[in-house]
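Participant: After the structure tokens below, expect a handful of questions from me.
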Amino acid sequence: MRDAVTNLIKNYDVAGRYFDRNAIDSLKSYFESGTARIQAAAAINSNAAGLVKQAGLELFEELPELIRPGGNAYTTRRYAACLRDMDYYLRYATYALVAGNTNVLDERVLQGLRETYNSLGVPISPTVRGIQILKDMVKEKVAAAGVADTTFVDEPFDHLSRELSEIDI
Ligand SMILES: CCC1=C(C)/C(=C/C2=NC(=C\c3[nH]c(/C=C4\NC(=O)[C@H](C)[C@H]4CC)c(C)c3CCC(=O)O)/C(CCC(=O)O)=C2C)NC1=O
């Protein structure tokens, strides 16, 4: 598992090089955004359960067939499994936000997920929609917590969405 700093060190160590201008710039931007990343994590932590529940409601309102007979989230057990997955996405996205790197998502979330979803018939594109709804809600919370520029919040959610849709094809 890597963060922005250990990732940079790894890359420069492999090449046996001192940090150059690019490296210094990316270190600067990581540390300068540090407070915002922590504020984002705090805003998510104190609202996590509500965010997951709200995002689930919005997803099922948008795609009600998911929770009708024949839908993958139909039955209480599968409904709960779906919300639990959303909770995983939110929690790991928070780790990635603090790390400033998406490596934790590749290692802990995405590995083998396609196989699992395919074998259980969990539909990918509604899952991606759920992740995007979560992202938008998180950005609202982070903005409300006083972070002016919330674009950095996109990265982990978009990474999950991208990787999940790509590996499904
Ligand atoms: C931390 C990393 C991690 C992830 C990501 C993870 C996902 C994950 N989701 C699963 C199931 C599931 N996932 C869903 C999710 C959904 N169904 C829908 O229609 C919606 C679109 C969507 C919610 C947004 C459902 C319904 C199941 C249960 C499927 C079944 O058992 O038939 C399973 C199968 C085992 C189980 O039910 O627990 C795994 C492993 N597990 C992990 O350890």
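Participant: Run the quick spin-label model on residue 116 and residue 80: label points 7 Å from Cα toward the beta carbon, then report their separation in nm to one decimal.
Facilitator: Label at residue 116, label at residue 80, 1.7 nm between them.
Participant: Helix 124-144 versus the longest principal axis of the chain: what angle, 0 to 90°, nearest 10, using Cα atoms?
Facilitator: Value to nearest ten degrees: 60.
Participant: By how many degrees, between 0 and 90 and to the nearest 10, does the Cα long axis of helix 48-62 differ from the longest principal axis of the chain?
Facilitator: So the inclination is approximately 50 degrees.
Participant: Give the residue list of trypsin sites (Lys or Arg not before Pro) in segment 14-107 that are DSSP loop and have at most 12 other beta-carbon atoms within 10 angstrom.
Facilitator: Within segment 14-107, the qualifying trypsin sites (Lys or Arg not before Pro) (loop, at most 12 other Cβ atoms within 10 Å) are 17.
Participant: List the chymotrypsin sites (Phe, Trp or Tyr not before Pro) in segment 43-85 that DSSP assigns to loop (not H, G, I, E or B) and whose Cβ has at most 15 other Cβ atoms within 10 Å. Which are they?
Facilitator: Within segment 43-85, the qualifying chymotrypsin sites (Phe, Trp or Tyr not before Pro) (loop, at most 15 other Cβ atoms within 10 Å) are 74.
Participant: Also, quick follow-up: Going through segment 87-137, which chymotrypsin sites (Phe, Trp or Tyr not before Pro) have at most 16 other Cβ atoms within 10 Å and a DSSP loop state?
Facilitator: Here no loop site has a sparse enough neighbourhood.
Participant: Could you run the Debye sum over the Cα atoms of the chain, one equal point scatterer each and no solvent, and tell me log10 of I(q)/I(0) at q = 0.09 Å⁻¹, two decimals?
Facilitator: -0.35
Participant: Along the charge dipole of the chain, which of 49, 113, 151 sits closest to the positive end, that is, farthest toward it, with unit charges on the beta carbon of Lys, Arg, Asp and Glu (+1, +1, -1, -1)?
Facilitator: The one lying farthest along the dipole's positive direction is 49.
Participant: Note down the magnitude of the dipole of the chain about its Cα centre, charges +1 on Lys and Arg C-beta and -1 on Asp and Glu C-beta and zero elsewhere, to the nearest 20 debye.
Facilitator: Charge dipole of the chain: 400 debye, to the nearest 20.
Each reported figure results from applying straightforward, stated rules to the coordinates on display, with no laboratory input. Quick caveat, the model's predicted, so the values are computed rather than measured. Cβ coordinates were reconstructed from backbone atoms using ideal geometry, including for glycine residues, and neighbour counts include every protein chain displayed.
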